[in-house]
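Each remark here refers to the structure printed beneath this line.
The values are calculated or read from the model by the stated rules, or taken from the named source; none is laboratory data. Note that the coordinates shown come from a computational prediction; the quantities given were computed from them, not determined experimentally. Cβ atoms come from the backbone with ideal geometry, glycine included; neighbour counts cover every protein chain shown.
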Amino acid sequence: MKNTRRAIIIGLAVAGAIAVVLVSLLRENSSNKANDLIVVHEINTNDVIQINVASEDSTLALIIIDGVWYTEDGRKPADQVAVNNALTQLSYLYASDNTPFCGTMPLESYGLDPPRLLIDLLLDDGSTARILFGDFADDNSYCYFMKYGDDSIYLISITNYKTIEVGLVMLADL
């Protein structure tokens, strides 16, 4: 009976130690994921009053009137959910990685001259944040981008890029 009790106590102690190690590892991994992202900029979405979008074959301006996004003429409402999702991605712009651009490779190498997609966020204080999106990385899981005036070329996940692209291209409410 004593041996059984001793085996149970030792088993519980080992199980407890393993649980503590696992919880510690899980906490460490989740905190590292947040720390791995690079903050490119953070803008309050409520400060954005207009979004100008230029792609290879078209240009578009979206304006906000009384909390509703419209095309430039103010007559056709945009897909509110899609535009707001894209705006959130653009306003809280985080990169997975960056490459300092020192002029060693031309911007064309990243698809940034001319860019695949050029977006201007006009803010209510009169300033503008310009973001250029270029080619996809070799494995197609990231897209190159840069913030105008910044000396780095960044990588954004293809999922986040597609949220931006779809949100600013699919404009008509269904």
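Taking the criterion of being surrounded by fewer than 18 Cβ atoms within 10 Å (Cβ to Cβ), under 30 Å from W69 (Cα atoms) and touching a residue at least 24 places away in the same chain (Cβ under 8 Å), the residues of the stretch 92-117 that qualify are Y92, Y94, S96, P114.
Residues that are over 19 Å from T163 (Cβ atoms) and modelled with pLDDT under 95 are absent from the stretch 37-47.
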